Every structure is written in C-alpha cells, then in structure tokens.
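The values are calculated or read from the model by the stated rules, or taken from the named source; none is laboratory data. Bear in mind that the values here come from a model prediction, so they are computed numbers and not experimental data. Neighbour counts are summed over all protein chains in view; Cβ atoms, including those assigned to glycine, are modelled from backbone coordinates with ideal geometry.
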Amino acid sequence: MVAHAQRTYPNECCGAMLGTIDGDTKDVSESIALENAFAGTQAERYELRPEDLLAADKAARDRGMDLIGIYHSHPDCDAYFSTTDLKNSCPWYSFVVLSIQKGGFHHANSWLPNVDQTAAEKEELVY
Amino acid sequence: MAKVLIPTPLRQFTGKQDSVTVPGGTVREVLDALTSQHPDLRKQIFTDEGKLRSFVNVYLNDEDIRYLNKDATPTAEADTLSLVPSIAGGSTVAAPPEEVTLSKDEILRYSRHLIIPEVGIDGQKKLKAAKVLLVGTGGLGAPLGLYLAAAGIGKIGLVDFDVVDFTNLQRQVIHSTKDVGRNKIDSAAEKMLAINPHLQIVKHEVALSSENALEILKDYDYVVDGTDNFPTRYLVNDACVLLGKPNVYGSIFRFEGQSTVFATEGGPCYRCLYPEPPPPGLVPSCAEGGVLGILPGTIGLIQATETVKLILGIGEPLIGRLLLYDALGMRFRELKLRKNPECPICGEHRTITKLIDYHQFCGVPQQTAQAPVEEKKVTEGEIEVTEVKEKLDRGDKFVLVDVREPHEHQICNIPAAVLIPLGQVPQRLGELDPEADIVIHCKSGMRSAKACGILKSAGFKHVRNMKGGILAWSDRVDPSVPKY
C-alpha cells in the first residue's frame, strides 16, 4: 500500500484491502491497487469505480478472503478523514488513510464511518 | 428469485451467510425480501424513507442497475445481485498556487515554520495564498490578528466599526493606551503591519449586516468569528453556510470559553448547535457580565490554530467537536456536535435561503455604525441625576436604592443609597415603604428600570428611575466617582 501511494505521489492512490475478520480484529494480508478514477486533479481527490470494487470483492471471495476495506493516500497532508472522505464513504468498510509527506510514508490511520456518514470512528491500526 | 452477495461486514446481519437467495421478480422485490428476512440489514441499505442509501450501488451480475431499469430491473433465478458502495474522497486541501513565491526575507522570517515537515515551503505558501476575514478586532480579534499576521497569512480582512475604549485595554492587547479614542480597525491594522509588513490588510469599517455580509465574505477563504453578540454570530454563520466558507468560531464569558469550526462541507453549523438565540438579556455580553482579560487570548489562539490547520490541511480539525474551556478549573472538555438534518439553513429541507433580519431574529435593538441618536428627554418615571443631587442637597425625604451587585457597589457608590441587588428586590420589598418617594439607580439605568417595574406592580406609588445610572452621576454630578 505504501509503495502504491509513493508511486502515485503527488497524486492520491486508492485500493482495496483483503484479509480475514476475527471478531473485532481485521487482519489485512493482501492489497489490491485500484485505479484512481477521479476526472479532475488527483492530487487531492480520488474516486473508485464500483466495478473495480466489485472485482476486488470477487477476488476476495474466490480466494476465501474478506474485503475488509479501502485505502487511499493524502499527499503532503495528514491522515485525517476529511469531510470529502466521510461524505463519499460507506459504513461497511474500514478506511485506511496513508499520509505521504514529500514522497515518503509518514503515518496512517484507519477510520470506520457511521451509517449516516456524519462521523467516522478512529480504529486502532497496527502496522 | 435471485442470489444476493453479502459484503463481509454485513454478514453479521445475515447469520454469517455470504450470500442469500430470496424471491422477487425485480431488484426492488429481491431487496425488500432480503431486508424483511434480515431486518437489521435494512438500515444499512435503505434510508428511513425507504430509498437506497446514497452510497449503495446495486449490480445485477456485472451491470449497474442505474443503467438498466433501476430497481424495477427484472431478475431471473440465475441472477446474482451485488451491493457495491461508491467510494471517493480526498484531502481537498488545494496545493498552493504556483504564482506564490517566498522572498529571501520571508524565508528567513518563517524559517521556524519551514523546518517543520508538516508546514515546509508548500505550507508557508498556502498560508501566504490564504485570505482570512476577522470579524471583530476586540478580545478574540486581538490575539487572532497578531498571531495570524505573524504566521504569514497573505491577506487578512478586518471588520469593525468600534472605537478603542479604556475598558478594552484589559484584554484587547492589539490596542494600546495611546489608541484610546481611535478607530479599532486602524489601531489593529497598524500593529499587525508592524509585526509583518508582507501582510495585505483590507479594512471593512462597517457594521456587518444582511445587506453587506455576502459581498464582504465572498472574497475570503475562511471566516473567523470574533464577535460578541448573537445577531452578528447568526449573521456570520448564515453567510458562511450560504457561501460555503468555514467559520472558525469562539465565544467567551467570565472564565469560560468555547471554540469549534462550523460550516465546513458536511460539518455542522452554529444553527445545528443553537437553532434559536437565547431570549434577549439572558446571556450577558462581556460589557454586562465581565470577562477575565486573559480568556480571549486562550480562545482566540485556539481559533488561530484551527485557522492555520485548515489552511495547511494538517492535523484533526475542530469540526463536529465543541471545545469547552474552564479557566478556573483549568480544564478542557469536548462535546460531539452533529450536523442536524433538520437544520433550517444547512439541513436537507432548508427553509432559510438568504440572509434575514438578525436583530429582529434575536430580539435586540440594532447596533449601527452611526453616531448614537441624541438622548431622549426624561420620560415619565425617570429622574435626572442632577435632580437627585438637588434633592439630596435640599435634604428631601426620599429613599435612594442601588440595585447593582455588591462587587459593583465596592467599585463606586453614592453614599446615601441603600444596596438591594436586583435579584433580591422581590424578597426585600418589606424593607421599603410603599408610600415613600423612591429613586432607583444601577450602573446605566437598565436594571433600575426593571426594579421600578417590580415596585410599581407591587403597589409602590412614587417610584422613579435615575436616568443613566451611576455612570451619568459620574459624568454630571461627581467626577470623582470612577466609571467601570
């Protein structure tokens, strides 16, 4: 995920996280880089194609894994969950945000939006 | 009949099944059957009104139903339905425009910013490119103006029409003793430019109103509310919501303050927190209730910090969180703020689409930039301070009642007066003779007018209000009495 984010820097990257869920613990073991489909400048925006997400979900099922969440990067920005992130999120998945500062990985946070997309809870992230 | 694939996180609602086969001839019928079999799923997929949630896309096999026949798309037994969320996002902090450059002088000046990785040259350029409007150059505006100027904001607009007064100096540190009597906006601009000559200041020497607010605010990226009254606070909020500008809010009273960021995209606004203003007079202003002089420094600098964070796009902004500060306990607390879906200005069914009359809304008389209107003649039930003085000198038989608080009485008093604080008047009526000639005073005449009303409705016959209170007494009778 970090390599993907560094590759697309100074643009945002996005992708899917696959793994297993055991109770409250979500274990990511694989990531799938997806294309940032945002039509404008991608330095501060990303957009996932639902078809790509559908394919990622299928890939997970085929391998007996779960689609756990979505990751994206914030180039030269902290790994907060912006209002744009929140409004265009969904409560089903964890959202990992990677802060990439000057091309290098800085820190990451994981967020779980509520069902009305009015707030996102910060999840403990071990990496 | 169709098979619905259940996304992993939703399997908790389907008894761990990763797919569920349910009856139905159309997509809608299948989804209805699914959510009636597994009612907990319903809230995840549908809104309370029964519409698909905005982020839910439904795929029939590998086709988005929006491009088929939407939820009336027919389903066959071999079909598979998938629920796919639409996901997007972004940091949404614009990179600095390319034309912004930092001179050698500026690089030296901002070097302690430039060596923080989170700010750096790009961050400093964002600050320089930023346009911030400060509403008010008083208690909150003073630290805001000084620090935002020093931090390197490129353009700062100031809104104020007031004049520096001696009573401002205890907290409004942007103004000096020599500035008393001077326009606040000129005094503030001079100090800010002395700190940072690279700064561009725009002076708006007007009372912000429904007529001019949108025109003034539209040229700025961020608005910082340093006002001290409800009409302007609602006006700033509404204008920010209508224009889509973040509103960095702060308020202070005695030893307590609050701060938050309103009107960001998707975030709550001031009306989500307070749909209606408090009744007039319930919440005293600094002039009425007093304020610890240092308090606006603390709160104003929280606002300044949030403003700079928003511009730089770093950290966790104070959006959806109301920070409460208690100086006496020296504690910070935080309340979660939610966007109110029924908010009249930023909710889904907005009823306010333009600026309204905020003085009427808040039930308070209008403050204007014009000179105060000439004082009215003494009305019935009022008495001039000079006449009270004459009565005292003649030795007239009458009772002078001071309805201020004991700590105000300590600051200054008229020795002949009896002290009965306004709040105790109803209980202490027995101490006064209903037939006596009574004159009541307070600081400026407001509270004594209320006390006169209480006495009159209790049957007191000869009650008069000393016009202008002890302030007028100091002006026109005894200049040795200090004003406060």
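Kindly provide the set of residues from segment B:129-139 that are within 10 Å of residue B:311 (Cα to Cα) and not hydrophobic (A, V, I, L, M, F, W, C), ordered by number. Don't jump to the end; show me each part of the working.
First, the residues of segment B:129-139 that are within 10 Å of residue B:311 (Cα to Cα): B:129-132.
Across segment B:129-139, the qualifying residue is only B:131.
Of all residues in segment A:5-38, which are outside any strand (DSSP E or B) and either under 11 Å from the mean Cα position of the chain (by Cα) or within 21 Å of residue A:90 (Cβ to Cβ) (or both)? Lay out the reasoning, then the answer.
Filtering segment A:5-38 for residues outside any strand (DSSP E or B) gives A:5-13, A:23-24, A:35-38.
Answer for segment A:5-38, where residues must be outside any strand (DSSP E or B) and either under 11 Å from the mean Cα position of the chain (by Cα) or within 21 Å of residue A:90 (Cβ to Cβ) (or both): A:5, A:12, A:13, A:24, A:35, A:36, A:37, A:38.
Against the numbered list (1) surrounded by 22 or more Cβ atoms within 10 Å (Cβ to Cβ); (2) of a type in the set (A, V, I, L, M, F, W, C); (3) within 9 Å of chain B (Cβ to nearest Cβ); (4) closer than 16 Å to residue B:314 by Cα, residue A:98 comes up short only at (3). The set of residues from segment B:1-26 being within 12 Å of chain A (Cβ to nearest Cβ) and either part of a loop (DSSP other than H, G, I, E, B) or not aliphatic (A, V, I, L, M) (or both) comprises B:6, B:7, B:8, B:9, B:11, B:12, B:13, B:16, B:18, B:19. Is one or more of the residues making up segment B:413-424 part of a loop (DSSP other than H, G, I, E, B) and touching a Gly at 6+ places or on another chain (Cβ under 7 Å)? No: zero hits. Selection within segment B:312-328: residues that are at pLDDT 95 or above and over 14 Å from the mean Cα position of the chain (by Cα). The member of this set that is nearest to the other protein chains (Cβ to nearest Cβ) is B:325. Hey, can you tell me all the residues within segment B:195-239 that are outside any loop (DSSP other than H, G, I, E, B), more than 12 Å from the chain's Cα centre (by Cα) and free of Cβ contacts under 8 Å to residues at least 40 places away in the same chain? If the condition is that a residue be outside any loop (DSSP other than H, G, I, E, B), more than 12 Å from the chain's Cα centre (by Cα) and free of Cβ contacts under 8 Å to residues at least 40 places away in the same chain, then B:215 is the only one that fits. Within segment B:163-179, residues that are at negative phi and modelled with pLDDT of 95 or more have Cβ atoms under 7 Å from residues that are part of a helix (DSSP H, G or I) and surrounded by fewer than 13 Cβ atoms within 10 Å (Cβ to Cβ) in these pairs: B:169/B:177, counting only partners at least 6 apart in sequence or on another chain. Out of B:378, B:373, B:364, one residue alone is at pLDDT below 95 and closer than 25 Å to residue B:434 by Cβ. It is B:378. Screening residue B:32 with (1) in a loop (DSSP other than H, G, I, E, B); (2) away from chain A (no Cβ under 14 Å); (3) not hydroxyl-bearing (Ser, Thr, Tyr) gives one miss only, at (1). Filtering segment A:72-94 to residues that are closer than 14 Å to residue A:47 by Cβ and more than 7 Å from chain B (Cβ to nearest Cβ) leaves only A:73. Against the condition surrounded by 17 or more Cβ atoms within 10 Å (Cβ to Cβ) and either in contact with a helix residue (DSSP H, G or I) (Cβ under 7 Å, 6 or more places away or on another chain) or not assigned by TED's automatic domain parsing to the domain that holds residue B:246 (or both), how does residue B:25 come out, does it pass? No, not satisfied. The residue that is modelled with the highest pLDDT, among those in segment A:81-92 that are surrounded by fewer than 24 Cβ atoms within 10 Å (Cβ to Cβ) and farther than 26 Å from residue B:40 by Cβ, is A:84. Of the residues screened, residue B:444 is one that is within 30 Å of residue B:167 (Cβ to Cβ), part of a loop (DSSP other than H, G, I, E, B) and modelled with pLDDT under 95. For segment B:108-125, taking the residues that are touching a residue at least 12 places away in the same chain (Cβ under 8 Å) and more than 14 Å from chain A (Cβ to nearest Cβ), the one that is surrounded by the most Cβ atoms within 10 Å (Cβ to Cβ) is identified as B:110.
Here segment A:27-48 is the region considered, the condition is being facing chain B (nearest Cβ under 9 Å) and not acidic (Asp, Glu), and the residue that is surrounded by the most Cβ atoms within 10 Å (Cβ to Cβ) is A:46. It is to be established whether one or more residues within segment A:70-89 are of a type in the set (A, V, I, L, M), assigned to a strand (DSSP E or B) and over 30 Å from residue B:346 (Cα atoms). Scanning segment A:70-89 turns up no residue that is of a type in the set (A, V, I, L, M), assigned to a strand (DSSP E or B) and over 30 Å from residue B:346 (Cα atoms). So if I check each of B:120, B:25, B:90, B:50, which one is at positive phi, in contact with a strand residue (DSSP E or B) (Cβ under 8 Å, 6 or more places away or on another chain) and small (Gly, Ala, Ser)? Exactly one residue qualifies, and that residue is B:90.
For segment B:329-345, enumerate the residues that are within 14 Å of another protein chain (Cβ to nearest Cβ) and among the hydrophobic types (A, V, I, L, M, F, W, C).
Quick first cut of segment B:329-345, residues within 14 Å of another protein chain (Cβ to nearest Cβ) only: B:334-343.
Those that are within 14 Å of another protein chain (Cβ to nearest Cβ) and among the hydrophobic types (A, V, I, L, M, F, W, C): B:335, B:337, B:343.
Please find, within segment A:55-69, the residue that is farthest from the chain's Cα centre (by Cα) out of those that are surrounded by fewer than 20 Cβ atoms within 10 Å (Cβ to Cβ) and in a helix (DSSP H, G or I). So, considering only residues that are surrounded by fewer than 20 Cβ atoms within 10 Å (Cβ to Cβ) and in a helix (DSSP H, G or I), the one farthest from the chain's Cα centre (by Cα) is A:62.
Look at segment A:49-71: where a residue is more than 7 Å from chain B (Cβ to nearest Cβ) and within 20 Å of residue B:58 (Cβ to Cβ) and a partner is modelled with pLDDT of 90 or more and surrounded by fewer than 16 Cβ atoms within 10 Å (Cβ to Cβ), sitting 6+ places away or on another chain with Cβ atoms under 8 Å, you get A:49/A:35; A:52/A:35.
Listed by position, the strands (runs of 3 or more DSSP E) inside segment B:253-370 whose residues that are without any contact (Cβ under 8 Å) to a residue 40 or more places away in the chain number at least 2 are B:331-336. Within segment A:101-127, the residues that satisfy the criterion of being more than 8 Å from every other protein chain (Cβ to nearest Cβ), of a type in the set (S, T, N, Q) and closer than 15 Å to residue A:2 by Cα are A:109, A:110.
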